[in-house]
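Report on the following structure.
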Amino acid sequence: MAKIFCVANQKGGVGKTTSAVNLAAGLAKVGQRVLLVDLDPQGNATMGSGVDKRQLELSVYDVLLESASIQEAAIFSEKCGYHVLGANRELAGAEVELVDLERRDQRLKLALDVVNQEFDFVLIDCPPSLSMLTLNGLCAAHGVIVPMQCEYFALEGLTDLVNTIKQVHANLNPDLKIIGLLRVMFDPRITLQQQVSEQLKSHFGDKVFNTVIPRNVRLAEAPSYGLPGVIFDPSAKGSQAFVEFARELVLRIPSM
């Protein structure tokens, strides 16, 4: 049975999509069957997984409107080793179209129920806003992985996200919880980042993943080649950190 995790943060520019594609590639590298669901109309996770969003015949948009199944719409990315349920600009229209539909916040969950046995992990890359798309992701997921920079404003954004998760947990999805906080773009030379990192560990305890993703040029370059950093340059420190993170996540699963 697949473990379904949202990669979410209501603050933009925190490396959310970078985290989603590299975690997917890292999990595939350690032998897991992975589906990456791109819920962002920008389609960055799709493009960053070696899939051209302009060439998609079927996308997550069709799945949400129940005109296609995940089996029909998902594409296996040969380069990356995982399946991608892609997104493109069409998805922006789904926001409006879903409003009047029944079970509008459960569409993704119902579609994923059908393919539950085919994957070990389903990762959902959510848009940075709390929209109907994000709500579909949160209703479908067992938990949320929160990538965050160790900066002051990131702590404020985290408070908003925790409140959102509590509301969804109380009203829509009693299984939902924060799986863990992933410290990304970390530069140990900056004193403030070390201080915020310590604050996170003292406040959230074992909810903070042990693995830290360093600030890394190769990870930043990889999307322009349409690949996760883990595939683009496996020897880079950032890539190795994501594979290490994938191993840590797999080890944590039994205790969740």
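Tabulated results
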read-out	value
Search result, residues across the stretch 143-154 that are surrounded by 15 or more Cβ atoms within 10 Å (Cβ to Cβ), among the hydrophobic types (A, V, I, L, M, F, W, C) and out of contact with any Gly (no Cβ under 7 Å at 6 or more places or on another chain)	Val144, Val146, Met148, Cys150, Ala154
Single match in Leu251, Leu200 (criterion: modelled with pLDDT of 90 or more, out of contact with any helix residue (DSSP H, G or I) (no Cβ under 7 Å at 6 or more places or on another chain), surrounded by fewer than 13 Cβ atoms within 10 Å (Cβ to Cβ) and of a type in the set (A, V, I, L, M))	Leu251
Every residue from the stretch 144-177 that is at pLDDT 95 or above and small (Gly, Ala, Ser)	Ala170
Members of the stretch 100-132 that are assigned to a helix (DSSP H, G or I), of a type in the set (A, V, I, L, M) and under 20 Å from Ala2 (Cβ atoms)	Leu108, Leu110, Ala111, Leu112, Val114
Wholly enclosed helices (runs of 4 or more DSSP H) of the stretch 171-256 bearing at least 3 residues among the hydrophobic types (A, V, I, L, M, F, W, C) and closer than 21 Å to His142 by Cα	237-252
Single residue of Ala68, Ala74, Ala94 found to be of a type outside the set (Lys, Arg), under 30 Å from Glu221 (Cβ atoms) and surrounded by 13 or more Cβ atoms within 10 Å (Cβ to Cβ)	Ala74
Filter result for the condition that a residue is in contact with a Phe, Trp or Tyr (Cβ under 7 Å, 6 or more places away or on another chain), closer than 26 Å to Ser49 by Cβ and touching a residue at least 60 places away in the same chain (Cβ under 8 Å), over Gly137, Gly143	Gly143
Single condition Val162 does not satisfy, out of (1) surrounded by 19 or more Cβ atoms within 10 Å (Cβ to Cβ); (2) within 17 Å of the chain's Cα centre (by Cα); (3) among the hydrophobic types (A, V, I, L, M, F, W, C)	(1)
Tally, over the stretch 170-197, of residues that are exposed (fewer than 13 other Cβ atoms within 10 Å of the Cβ) and hydroxyl-bearing (Ser, Thr, Tyr)	1
Enumeration of residues in the stretch 59-108 that are among the aliphatic types (A, V, I, L, M) and more than 20 Å from the chain's Cα centre (by Cα)	Leu65, Ala68, Val96, Leu98, Val99, Leu101
Top-ranked residue of the stretch 213-226 - restricted to ones that are buried (at least 18 other Cβ atoms within 10 Å of the Cβ) and in contact with a strand residue (DSSP E or B) (Cβ under 9 Å, 6 or more places away or on another chain), ranked as modelled with the highest pLDDT	Ile213
Subset of the stretch 28-53 that is at pLDDT 95 or above and charged (D, E, K, R) - its residue that is surrounded by the most Cβ atoms within 10 Å (Cβ to Cβ)	Asp38
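The values are calculated or read from the model by the stated rules, or taken from the named source; none is laboratory data. Quick caveat: nothing in here was measured; it's all calculated off a predicted structure. Ideal geometry is used to build each Cβ from the backbone, glycine not excepted, and the neighbour counts take in all protein chains shown.
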